[in-house]
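As structure tokens, the structure follows; a few thoughts come after it.
The values are calculated or read from the model by the stated rules, or taken from the named source; none is laboratory data. Note that this is a predicted model, so its numbers are computed, not measured. Glycine gets a Cβ as well: all are built from the backbone with ideal geometry, and neighbour counts include every protein chain shown.
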Amino acid sequence: MSVISVKNLIYGYSKGTPFEKGALKGVSVDIEQGEIVAVIGHTGSGKSTLLQHLNGLLKPDSGDVLFEGKSIYESKKTLRECRFNVGLCFQYPEQQLFESTVYKDIAFGPHNMKLSEEEIKKRVYESLNYVGLSEDYLEKSPFDLSGGEKRRVAIAGVISMEPKVLILDEPTAGLDPMGKNNLLNLIKNYNEKTGNTVIFVSHNMDDVASVAQRVIVMNDGEIALQGTVDEVYSQGERLSELGLDVPEITSLFIELKKSGFDLGDTEYTVEGAKNAILSYLRKGGTL
Amino acid sequence: MNKIIEFKDVSFRYSEEEDYVLKNLSLDFYEGQFTCVLGHNGSGKSTMAKLINALLIPNDGKVYTFGYDTADENLEIDIRRKVGMVFQNPDNQIVATIVEDDVAFGPENLGIPREEIRKRVDEALKIVNMYEYRRHEPHRLSGGQKQRIAIAGIIAMQTNCIVLDEPTAMLDPVGRREVMEALHRLKNELGISVILVTHFMDEAVNADRVVVMNEGKVCMDGTPREVFVKAELLKSIGLTVPKPLELAEKLKKAGVEIGGTPLTPTEFAEEFKKITENRG
Ligand SMILES: Nc1ncnc2c1ncn2[C@@H]1O[C@H](COP(=O)(O)OP(=O)(O)OP(=O)(O)O)[C@@H](O)[C@H]1O
Ligand SMILES: Nc1ncnc2c1ncn2[C@@H]1O[C@H](COP(=O)(O)OP(=O)(O)OP(=O)(O)O)[C@@H](O)[C@H]1O
Ligand SMILES: [Mg+2]
Ligand SMILES: [Mg+2]
């Protein structure tokens, strides 16, 4: 059974005004238990709007969202259950942070879940460690932090609930390169260790290539394309029509191929490119 | 080259109970240059940026912006006429309830004539691909759309110097490329000095100068090539190098004699041709 099932979602903002905007125009998709799914798409394509439906923050004009087979909008109880199981981290951390200290902010979710103080404390420390912040931050106000530090606290606040479905809206935006790598590892580890599902939005085609098992491409309120990284990234022209781009390593590969080097399948990551080039050189006897 | 911004032995902390965020920072910026500022989260980039246009004042030392002492409150307006700024979070700088008024706000404060403002606002909105949203409410836009509006605002101001704090963090790949091209055009065509804070190494590749901050200090300063060649040092402070160079380094470790410091895919392809030609 799919952990989340999205059925023909339609949603518009600013209804009844001249700016009425169809943000989702009939989106259907099934998310399987244990998947890592990346949602990509141009600015304003509807990614954040879609994500905010998955834990019931927005209510569709029509259509439905099922969590483990049951409509989340059915009753207060189903909505509440969904909120505990589907954790969403917003695009801007400022939308999420509100407590007076970092500790309280990260503890907020576990507290609502009525976990024991001991368990809450354990989770706060673990999550903080996960996002690469030291304990010195715990008593600080989340508003007195740098942009990247805020992002880390916001992510820790969702992870501390250990949600069955972890949803992150542009989690690597504003992180420094090491923080970004750690976060991508965190996504992988979280998925492997707990078997839980992760859905994340990213504009970084390299990041997506390194962790996603499935890629969903949004365009103007609809799903334009989906499949494995290979299936999606091999459609370079279609991607640029959709306002996207191939990863930098892929353009490097395309350059090399244009120069007449027959390197085989296109690669998306540095590691993949290294191996392909090495095997090419070995075959040609230049190494 | 003319110095436009001068940090003289600047120390800064947000409150007396806290540690210094910037420690005896001395750093100059020059007219007509495109400077990228890199550094780990919390290294002091945004703090440094806010000291440039007097949003923050040093505890010790001096910041001179176009010769004006930023600690002198009377000079604040003069400073803001010279230096425009895009903040890290666009929500913090939305001032109007309609997109085009928001973009016009900066130029209006500079006392630019009406028709000229009209022209600049339209142009700026077209550059960031938000012209069709000109009558919308800026609060009711997607994350990347808000960021584009903030960038349009600074493009329309055309101040002598513009400071942008991670302006492309939420943009899609095409939007990011367009904004980078627009910033380089401002520099090349209007001679505007650009200071860009970013975590994207590929944005730094085309800069005239790269400044790397670490724990409140400048730890590297030079051309992109001079900085990126020191991959180990960069990694040790939480940063990285552009992907083509990372690939070249990895190949070298595996015994491939690829030379140079390729920072872009094209440069990589050129270096790669050389090794195969040498062998062949
Ligand atoms: N609060 C709002 N009120 C009105 N319209 C909105 C609001 N938020 C978003 N929109 C519009 O809905 C559409 C989809 O927005 P959404 O935030 O889902 O895009 P996105 O794909 O997340 O974009 P980005 O990459 O810029 O974050 C956009 O055209 C946007 O202008
Ligand atoms: N308003 C504030 N009050 C107290 N401390 C602050 C405040 N803003 C930032 N800091 C602290 O000052 C240090 C430098 O922050 P700054 O925002 O300059 O970093 P940054 O280099 O811009 O980081 P990022 O890449 O995450 O945006 C950080 O350790 C941060 O916690
Ligand atoms: Mg969004
Ligand atoms: Mg910052």
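List of remarks:
- Candidates A:Lys47, A:Lys104: the one that is without any contact (Cβ under 8 Å) to a residue 24 or more places away in the chain and more than 16 Å from ligand 4 (Cβ to nearest atom) is A:Lys104.
- The listed residues are A:Val217, A:Val208, A:Val232, A:Val201, and the only one of them that is within 25 Å of A:Pro171 (Cβ to Cβ), surrounded by 22 or more Cβ atoms within 10 Å (Cβ to Cβ) and within 10 Å of another protein chain (Cβ to nearest Cβ) turns out to be A:Val201.
Yes/no per residue for (1) more than 11 Å from every other protein chain (Cβ to nearest Cβ); (2) in contact (Cβ under 8 Å) with a residue 40 or more places away in the chain:
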residue: B:Asp165; (1), (2): no, yes
residue: B:Arg177; (1), (2): no, no
residue: B:Leu233; (1), (2): yes, no
residue: B:Gly259; (1), (2): yes, no
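- Counting only helices (runs of 4 or more DSSP H) that sit completely within the range A:177-233, those holding 2 or more residues that are in contact with a Ser or Thr (Cβ under 7 Å, 6 or more places away or on another chain) correspond to A:177-194, A:205-211.
- Annotation note: of B:Ile79, B:Ile57, the sole residue that is more than 13 Å from ligand 4 (Cβ to nearest atom), free of Cβ contacts under 8 Å to residues at least 60 places away in the same chain, of a type in the set (A, V, I, L, M, F, W, C) and surrounded by fewer than 17 Cβ atoms within 10 Å (Cβ to Cβ) is B:Ile57.
- Matching entry among A:Ile72, A:Ile106, A:Ile40 (being on the phi < 0 side of the Ramachandran plot, crowded, with 19+ Cβ neighbours inside 10 Å and touching a Cys at 6+ places or on another chain (Cβ under 6 Å)): A:Ile72
- Only a single criterion out of (1) outside any helix (DSSP H, G or I); (2) more than 19 Å from B:Asn53 (Cα to Cα) is not satisfied by B:His184, namely (1).
- A:Thr101 fulfils the conditions (1) surrounded by fewer than 17 Cβ atoms within 10 Å (Cβ to Cβ); (2) more than 14 Å from ligand 2 (Cβ to nearest atom) except for a single criterion, (2).
- In the set A:Val86, A:Val65, only one residue is in contact with a helix residue (DSSP H, G or I) (Cβ under 7 Å, 6 or more places away or on another chain), farther than 24 Å from A:Ser14 by Cβ and assigned by TED's automatic domain parsing to the domain that holds A:Ser160; that residue is A:Val86.
- Of all residues in the range A:21-30, one or more are surrounded by 20 or more Cβ atoms within 10 Å (Cβ to Cβ) and either of a type in the set (Val, Ile, Thr) or within 26 Å of A:Arg151 (Cα to Cα) (or both).
- Long-range neighbours under 9 Å by Cβ, at least six apart or interchain, first residue facing chain A (nearest Cβ under 10 Å) within the range B:15-41, second more than 15 Å from ligand 4 (Cβ to nearest atom) and part of a loop (DSSP other than H, G, I, E, B): B:Glu18/A:Lys140; B:Asp19/B:Arg13; B:Val21/B:Arg13; B:Gly39/B:Ile237; B:His40/B:Ile237; B:Asn41/A:Gly132
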